[in-house]
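See structure below.
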Amino acid sequence: MPKSTQRDGMPYFLFLCEGRVLAQNIDGRIIDLGEATQENGAFAWRLDGNDEHGEGLNNAGAVLDDIAGHLTFLFIDGQFTSLPDLSDDYAGKLDDAPAKEIVLSELSDKGGDDNPPAV
């Protein structure tokens with residue numbers, strides 16, 4: 001039987017809502033990771049905790065894909081430890097928001113070629 005590359009993977013949801021990049025963990029906690037903007041038809045984003053950013057993206061889906069490629073388990077875990085839970089603030093607002101599920105490996109700080117983040 002083939003071994004799963006998703007061992008010890010932790011699922012998260014990323015959302016874009018009201019100009020913010022949000023993450024939700026399996027406990028339902030929601031945190032604010034940074035900002036997302038749209039100007040002249042191009043999308044951009046910036047994370048507050050590590051200043052990662054992207055720009056010139058075509059749509060919200062491309063923003064979420066780009067953000068997912070810059071996240072590590074250690075970063076997200078640290079953000080959930082230090083940032084307040086905003087679940088009440090965003091109750092009912094995320095149902096129609098652009099979203100992406102990701103799975104980050106707890107065994108690796110960075111995905112790397114042999115263990116990329118599952119998106």
Legend entry - Estimated inter-spin distance, ASP89 and ASN59, nm [label 7 Å along Cα→Cβ]: 2.9
Inset, instruction - Please report the base-10 log of the normalised intensity I(q)/I(0) for the range 9-105, using a Debye sum with one equal scatterer per alpha carbon and no solvent, at each q in 0.15, 0.16 (1/Å). - result: -0.52, -0.60
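Any read-out appearing in this document is the output of simple, stated calculations on the displayed coordinates, not a laboratory observation. In this text the structure is predicted, and so the values were computed from the model without any measurement. Quick reminder, even Gly has a Cβ in these numbers, built from the backbone with ideal geometry, and neighbours come from all protein chains shown.
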